[in-house]
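No value in this document is a laboratory result; all are computed from the given coordinates. Keep in mind that what you see is a predicted model, and the values were worked out from it rather than measured. Note: ideal-geometry Cβ built from the backbone for every residue, glycine included; neighbour counts use all protein chains shown.
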Amino acid sequence: MDIGTTTCVGYLSDLSTGRVVNTESMMNPQVPYGEDVMSRITYAMSNPEGLETMQKAIIDGLNEIINKVVSEIIKDGPDPGFAIDDLTIVFNTAMHHIFLGLNPTYIGRSPFIPAVQRSLNIRARDLGLRINPSAYIHVLPIEAGFVGADNVGVLIAQEQYFQDDMVLIIDIGTNGELLLGNRHRVCSTSCATGPAFEGAQIKFGMRAAPGAIEKVRIDPDTKEPLYKVIGKADWHTHIEGKINAKGICGSAIIDIIAEMFKAGIIDKSGRFVTNLNTNRVRKDLDGKPEYVLAWAEETSINQDITVTQGDVRALQLAKGALYTGAKLMMQKMGVTKLDRVELAGAFGSHIDREASLTLGLFPDVPIDKVVVVGNAAGDGARMALLNRAKRLEADERARWVEFVEIATEPAFEKEFMQAMHIPHMKDRFPNLKALLEGSGSKVEIKG
């Protein structure tokens, strides 16, 4: 299981073959108590029963995933979940503490010290998880206050510590976690990106479910969009009848804002360009600019689906945090050039490489050196499930990795402000410049 701040995913694996036989996901049931980790830590601190309430919510949610993921395969028996004999789990540090019923107060205060860092083996019945009552749950170790077991899962899945290349791995989620290094040295850090990458805090944002717009292209001349909806086989211009779009998922958020920039709808500061000859750019009821991605008649919600100035700002904040984290780590390690960037995360397998480079999620690299690796944290959890040696490796490497606290760096505020620009206020992007010039884009990029 991979328990994210916004999304929880369970992978049912056959222990004899290692094959994933079923997958199930759900919105984290703790979301009503706070959309990010600090909100949930605050909820636990300010409500006498807050920690117990959130712990019960996540246990109930995981039992729901367990029941769904098994019942589709095992039809007989009073409790299908009892067929599960082993469970490994990864999460960020705040989710780790809440799941285990540990007071999360001190990971919300400097110096952000977690109550437990080593791996744990706990009987399932002691936590109330409805799998084989004699089974153990293996909780992978955590690295530091805001670099959790999910980052250790990424580490043991990608095995950065065996490579010669200088690799930056970005686990994109509500709490962005980064790993930079090679076999000589690996550093990690954490960035509070917020839930924008997963569709939250976006006016028409939603989960990646049927009806969500998942891919977007905008004609730079006419400013007209093309988009693809989950559940539909083709791009919307080739589908007869109503498109039935409901909203915008995380991968499309990245697509559309990169496309708006390339089409000149927003400038490098993220502001809308309002003197364009198109009815797609207009002002909302509050007089603020927005871009109409889908007209009401194309949707199932009977209203225009738009991208607002607030949506652009939310993504700028998220991407600025990631870029700043990567740049400050590079400075700490004396690294001036990356050999490869690996994008991980729950929606990592759907993220567009060119769009992410255009936005400036990370420092400039050749596009063929940007690799999408999907949910590496979940892959690491499955490796630890199937291979006990990986559990030992996780314990060892979690202590070997060097944690870098970037939020307290004197240069953080200045670097973050510059990283808010698309792709960046000052840093050069020669590979991106060549890429966009080759595609006929009129946007000027520093090379």
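Looking at the chain, the DSSP beta bridges with both ends there are about 65 percent antiparallel. Relative protection proxy for 55-61, 185-191, from highest mean packing down: 185-191, 55-61 (other beta-carbon atoms within 10 angstrom). Think of the chain as having a plus end and a minus end, set by charges on the Cβ of Lys, Arg, Asp and Glu; of 105, 11, 168, 168 sits farthest toward the positive end of this dipole.
How big is the antiparallel share of DSSP beta bridges in segment 200-305, given as a percent to the nearest 5? Around 75 percent of the beta bridges assigned by DSSP in segment 200-305 are antiparallel ones.
Dividing the Cα radius of gyration of segment 2-139 by 2.2 N^0.38 Å, with N the residue count, gives 1.08.
Each Lys or Arg adds one and each Asp or Glu subtracts one; over the other residues with Cβ under 10 Å from the Cβ of residue 340, this totals -3. Here the chain is assigned +1 on the Cβ of each Lys and Arg and -1 on the Cβ of each Asp and Glu. Its dipole about the Cα centre then comes out at about 640 debye.
What residue among 247, 81, 128 has the largest mean-square fluctuation in a Gaussian network model of the chain, using Cα springs under 10 Å? In the Gaussian network model the winner is 128. What angle do you read, to the nearest 10 degrees and between 0 and 90, between the alpha-carbon axis of helix 388-400 and the longest principal axis of the chain? So the inclination is approximately 60 degrees. Axis of helix 309-333 versus longest Cα principal axis of the chain: the two differ by about 60°, to the nearest ten degrees.
Using a Gaussian network model of the chain in which every pair of alpha carbons under 10 angstrom is joined by a spring, one finds that among 344, 381, 245 the greatest mean-square fluctuation is at 245. To the nearest 0.05, how large is the calculated FRET efficiency for residue 53 and residue 20 if R₀ is 35 Å and r is the Cβ-Cβ distance? The pair residue 53/residue 20 has a calculated efficiency of 0.60.
Peptides 277-289, 132-144 ranked from most to least packed by the mean count of surrounding Cβ atoms within 10 Å: 132-144, 277-289. A dipole drawn for the chain from +1 and -1 charges on Cβ atoms has a positive end, and of 233, 419, 249 the residue lying farthest that way is 419. On the basis of the beta-carbon distance and an R0 of 25 Å, residue 127 and residue 399 show a calculated FRET efficiency of 0.50.
For the listed peptides 325-333, 168-176, 102-110, a ranking on the average number of other beta carbons within 10 Å per residue, highest first, reads 168-176, 325-333, 102-110.
Which value in nm describes the separation of the simple spin-label points at residue 184 and residue 203, placed 7 Å from the Cα toward the beta carbon? Placing both labels 7 Å beyond Cα along the Cβ direction yields 5.0 nm.
Labels on offer are (i) 70; (ii) 51; (iii) 48, and the one holding percent of Cα pairs over 29 Å apart computed from this structure is (iii). The alpha-carbon of residue 337 sits under 19 angstrom from the alpha-carbons of these lysines, leaving out residues fewer than 8 places away in its chain: 327, 369, 426, 433, 446.
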